[in-house]
């Protein structure tokens, strides 16, 4: 980019003796740049940083919603790999009676990911279930802490998806489509509403390991939307934002000067290409990155959190520490205006229990139960749960048929997701699967309806939230999709 500008402007440059260069010319030395900047580096940097949003054409500037929102922010706890609804929130007494027997002839044999599970014996859950709270929602003994928050939950027992493999299914659950190249729902949310803070990304992704979920960064990508709407992945562990502090020996004035000069070049490039979204996005991203150097250290610093809060999340326990850190950080992010936070728990398909379901889910539930329950408790006591929608779930559920004798295969035809806060109807069990938990039987909720409902709670009409791409106005759901009124409180 710089070479292109330099070649064009050197061809038009006139001779001069006082080393001041025309406004349209590329400075050829540090001395020329200082002279052309008038007040020096600092003025350029501050001008770039402090320009009003209207002057910057800021793509992250706040935008009005389509209707009154119930949720200002979303925190999505994504259980990567497919948690078993049959062992967590959807008890099936009939499955217990059929344990070890083949799928009854009255059931249509499913198309499973592995291609052989449909002929395997049924596997009853080994967990015990109890009803909790005034709502009487069923929760298994694997989630004792979340069970205490039952009256806050809106449990959707009839979710359906199309993807059979992890890549397709995770892409669909995060972008509403099985193929890469579409914006994540978090990107759509920030595109529709802008960011509520100007010193942090509007869409943040947290993972408990360095392993990517299936689909890689496509699952939090911006697709055809401009780059500022892309999810910003924070690193796992105590230093989640990399390179937030300038290198040793680089002073604040020097950092500001360097940034100001780069943005001057970016603006000159953009000025010659009106309407160039890529250039505008580069400018906006650069400004956000610069502002984050001041704000990021504070948001990830837990030193001012009370010992009681840290213990509530489980920061003091190795088994829960990673999820506890991300859940607490998610709360701090939404407090500061971040619009959408996606937490990957078990990143890298850890919940994919094709064998040893008891060992796999037992460990992962112990790692996620306390942090998620603490997130709900902490948001509620701070008065944030009413305006923060918490989502729990994976890309699909598991089959009632066994695999490897003690595991379960992928099941996208009927599984559980739950919502809490942010306008979701509390203490509710919506929809149902059949008597063995294989297919959604009552009030099916496909992924596109779930996304439409999440955006509706954020004040966005998914059919009005459009973006022109390849000659058509694209929407979140592509084709179809309806708000599920029964999930709205």
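The values are calculated or read from the model by the stated rules, or taken from the named source; none is laboratory data. These numbers come from a predicted model, not from an experiment. Virtual Cβ from ideal backbone geometry, glycine too; neighbours counted across all protein chains shown.
Assorted remarks:
- Selected residue (only one of 299, 341 is closer than 18 Å to residue 74 by Cα and out of contact with any strand residue (DSSP E or B) (no Cβ under 9 Å at 6 or more places or on another chain)): 299
- Filtered residue count, the stretch 317-338, keeping only those that are over 30 Å from residue 184 (Cα atoms) and either in contact with a strand residue (DSSP E or B) (Cβ under 9 Å, 6 or more places away or on another chain) or modelled with pLDDT under 95 (or both): 0
- Being assigned to a helix (DSSP H, G or I), closer than 30 Å to residue 369 by Cα and at pLDDT 95 or above is a property that residue 96 has.
- Options 196, 189, 169: the member that is touching a strand residue (DSSP E or B) at 6+ places or on another chain (Cβ under 6 Å) and either crowded, with 24+ Cβ neighbours inside 10 Å or not in a helix (DSSP H, G or I) (or both): 189
- Selection from the stretch 217-228 of residues that are assigned to a helix (DSSP H, G or I) and buried (at least 19 other Cβ atoms within 10 Å of the Cβ): 218, 219, 220, 228
- Here the condition is being in a loop (DSSP other than H, G, I, E, B), in contact with a helix residue (DSSP H, G or I) (Cβ under 6 Å, 6 or more places away or on another chain), modelled with pLDDT of 95 or more and within 17 Å of residue 356 (Cα to Cα); of 134, 127, it holds for 127 alone.
- In the set 183, 201, 214, only one residue is buried (at least 24 other Cβ atoms within 10 Å of the Cβ), modelled with pLDDT of 95 or more and assigned to a loop (DSSP other than H, G, I, E, B); that residue is 183.
- In the set (1) farther than 17 Å from residue 405 by Cα; (2) part of a loop (DSSP other than H, G, I, E, B); (3) at pLDDT below 95, residue 68 fails one condition alone, (3).
- Lone qualifier among 380, 350 - being in contact (Cβ under 8 Å) with a residue 40 or more places away in the chain, surrounded by fewer than 24 Cβ atoms within 10 Å (Cβ to Cβ), farther than 21 Å from residue 406 by Cα and assigned by TED's automatic domain parsing to the domain that holds residue 184: 380
- The residues listed here are 462, 469, 456; of these, the one that is over 30 Å from residue 107 (Cβ atoms), assigned by TED's automatic domain parsing to the domain that holds residue 154 and modelled with pLDDT under 95 is 469.
- Tabulated pairs, the stretch 193-207, first farther than 8 Å from residue 232 by Cα and not assigned by TED's automatic domain parsing to the domain that holds residue 326, second modelled with pLDDT of 95 or more and buried (at least 24 other Cβ atoms within 10 Å of the Cβ), C-beta under 7 angstrom, 6+ apart or interchain: none
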